[in-house]
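S.K.: Before I ask anything, here is the structure I am working with.
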């Protein structure tokens with residue numbers, strides 16, 4: 001073992017020699033220091049998760065069943081506009097998306113009331129014909145919105161206006177058959193949506209990964225079942241009790257209404273996630289459009305459920 005004098009005689013400073021304690025193995029003293037990496041190989045500093053851009057499909061397509069997020073060219077539109085508002089610098093907010101949703105709802109209600117007024121004033125044939133055409137316009141405008149999201153401000157307004165006209169004809173027909181049904185359906189839809197939004201904002205209801213996975217799985221199973229039932233109906237085969245006003249049909253209607261409400265929570269969470277990613281300002285309109293799709297689904301399921309409770313059949 002070398003002494004301190006011999007080490008110092010070899011040109012090594014004695015102060016640089018660490019003292020070997022009982023818990024330090026001798027081989028630790030002889031371990032060479034790790035060489036520093038060249039500057040060109042140094043790792044770049046990592047950005048915070050809120051500022052690190054990532055493809056929107058990572059956050060949306062795996063976390064919701066809304067076709068507004070799972071179809072179309074949303075990822076390409078976000079990439080073209082850029083994160084952080086792009087060149088314009090304006091970014092979306094969750095409150096802005098909620099305000100845009102309220103505006104789209106007001107437009108849909110206004111066109112629906114105007115359609116009702118035309119039907120009740122004696123222009124039933126013209127109004128019902130317009131309602132059928134409005135359904136086609138609503139479908140077309142929704143597809144345009146999905147494949148051209150930057151124009152969602154205009155196409156979203158067109159979708160809401162035409163959807164209000166289209167649903168007014170169906171609603172008035174059911175209202176004449178079951179008085180009071182449409183008003184109850186509207187109150188249940190708006191009340192449920194407002195309650196869910198308040199519960200989500202106050203963190204009473206939290207969208208966890210387990211909740212999200214469960215909703216997506218059950219919604220996928222429900223959609224596959226409905227598609228299979230529709231294909232069988234085209235072939236002349238009807239599943240007894242599944243779409244009738246019996247206990248099974250009412251149970252399926254309750255499941256559909258619950259799934260619509262749960263998917264509304266997923267949409268709220270997706271809009272908040274988009275705001276955290278600092279997506280462009282136009283995404284407020286696109287988020288409002290996505291909420292309108294879910295609200296239309298919720299309204300139709302509630303109408304169908306109330307029709308079953310009233311003793312009708314969903315043929």
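S.K.: What number goes with the only condition from (1) more than 14 Å from the chain's Cα centre (by Cα); (2) farther than 30 Å from residue 125 by Cβ that residue 219 does not pass?
M.R.: (1)
For every residue, the table says whether it meets (1) closer than 21 Å to residue 102 by Cβ; (2) part of a helix (DSSP H, G or I); (3) modelled with pLDDT under 90.
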position	(1), (2), (3)
267	yes, yes, no
278	no, no, yes
289	yes, yes, no
298	yes, yes, no
308	no, yes, yes
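S.K.: Have a look at 185, 168 and point out the one that is farther than 18 Å from residue 265 by Cβ, surrounded by 15 or more Cβ atoms within 10 Å (Cβ to Cβ), at pLDDT below 90 and touching a helix residue (DSSP H, G or I) at 6+ places or on another chain (Cβ under 7 Å).
M.R.: Working: 185 fails: at pLDDT below 90.
Residue meeting the stated conditions: 168.
S.K.: Another question, if that's okay. When only residues in region 144-161 that are in contact (Cβ under 8 Å) with a residue 60 or more places away in the chain and surrounded by fewer than 16 Cβ atoms within 10 Å (Cβ to Cβ) count, which is nearest to residue 301 (Cα to Cα)?
M.R.: Step by step, filter region 144-161, then rank; the result is 147.
S.K.: Another question, then. Within region 62-89, how many residues are modelled with pLDDT of 70 or more, assigned to a helix (DSSP H, G or I) and either surrounded by fewer than 13 Cβ atoms within 10 Å (Cβ to Cβ) or out of contact with any strand residue (DSSP E or B) (no Cβ under 6 Å at 6 or more places or on another chain) (or both)? Let's see the steps before the verdict.
M.R.: Step one: of region 62-89, the residues modelled with pLDDT of 70 or more are 64-82.
From what is left, the residues that are assigned to a helix (DSSP H, G or I) are 67-70, 74-81.
Adding the requirement that they be either surrounded by fewer than 13 Cβ atoms within 10 Å (Cβ to Cβ) or out of contact with any strand residue (DSSP E or B) (no Cβ under 6 Å at 6 or more places or on another chain) (or both) leaves 67-70, 74-80.
Final tally of qualifying residues: 11.
S.K.: Considering only residues that are in contact with a helix residue (DSSP H, G or I) (Cβ under 7 Å, 6 or more places away or on another chain) and part of a loop (DSSP other than H, G, I, E, B), look in region 90-141 and name the one that is surrounded by the most Cβ atoms within 10 Å (Cβ to Cβ).
M.R.: Per the criteria, the residue is 92.
S.K.: I'd like the full set of residues that are over 10 Å from the mean Cα position of the chain (by Cα) and closer than 23 Å to residue 212 by Cβ, limited to region 263-287.
M.R.: 275, 276, 277, 278, 279, 283, 284, 286
S.K.: Now, a different point. Would you say residue 164 is within 22 Å of the chain's Cα centre (by Cα) and either at positive phi or without any contact (Cβ under 8 Å) to a residue 40 or more places away in the chain (or both)?
M.R.: no
S.K.: Does any residue of region 242-257 turn out to be closer than 25 Å to residue 159 by Cα and either at pLDDT 90 or above or crowded, with 16+ Cβ neighbours inside 10 Å (or both)?
M.R.: yes
Let's see how each residue does on (1) in contact with a helix residue (DSSP H, G or I) (Cβ under 7 Å, 6 or more places away or on another chain); (2) without any contact (Cβ under 8 Å) to a residue 12 or more places away in the chain; (3) part of a helix (DSSP H, G or I); (4) over 30 Å from residue 273 (Cα atoms):
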{"residue": "172", "(1), (2), (3), (4)": "yes, no, yes, yes"}
{"residue": "196", "(1), (2), (3), (4)": "yes, no, yes, no"}
{"residue": "213", "(1), (2), (3), (4)": "no, yes, yes, no"}
{"residue": "224", "(1), (2), (3), (4)": "no, yes, yes, no"}
{"residue": "233", "(1), (2), (3), (4)": "no, yes, yes, yes"}
{"residue": "237", "(1), (2), (3), (4)": "no, yes, no, yes"}
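The values are calculated or read from the model by the stated rules, or taken from the named source; none is laboratory data. Worth saying up front: this structure is predicted, and the values here are computed from it rather than measured. Glycine also receives a Cβ, built like all others from the backbone with ideal geometry; neighbour counts cover every protein chain displayed.
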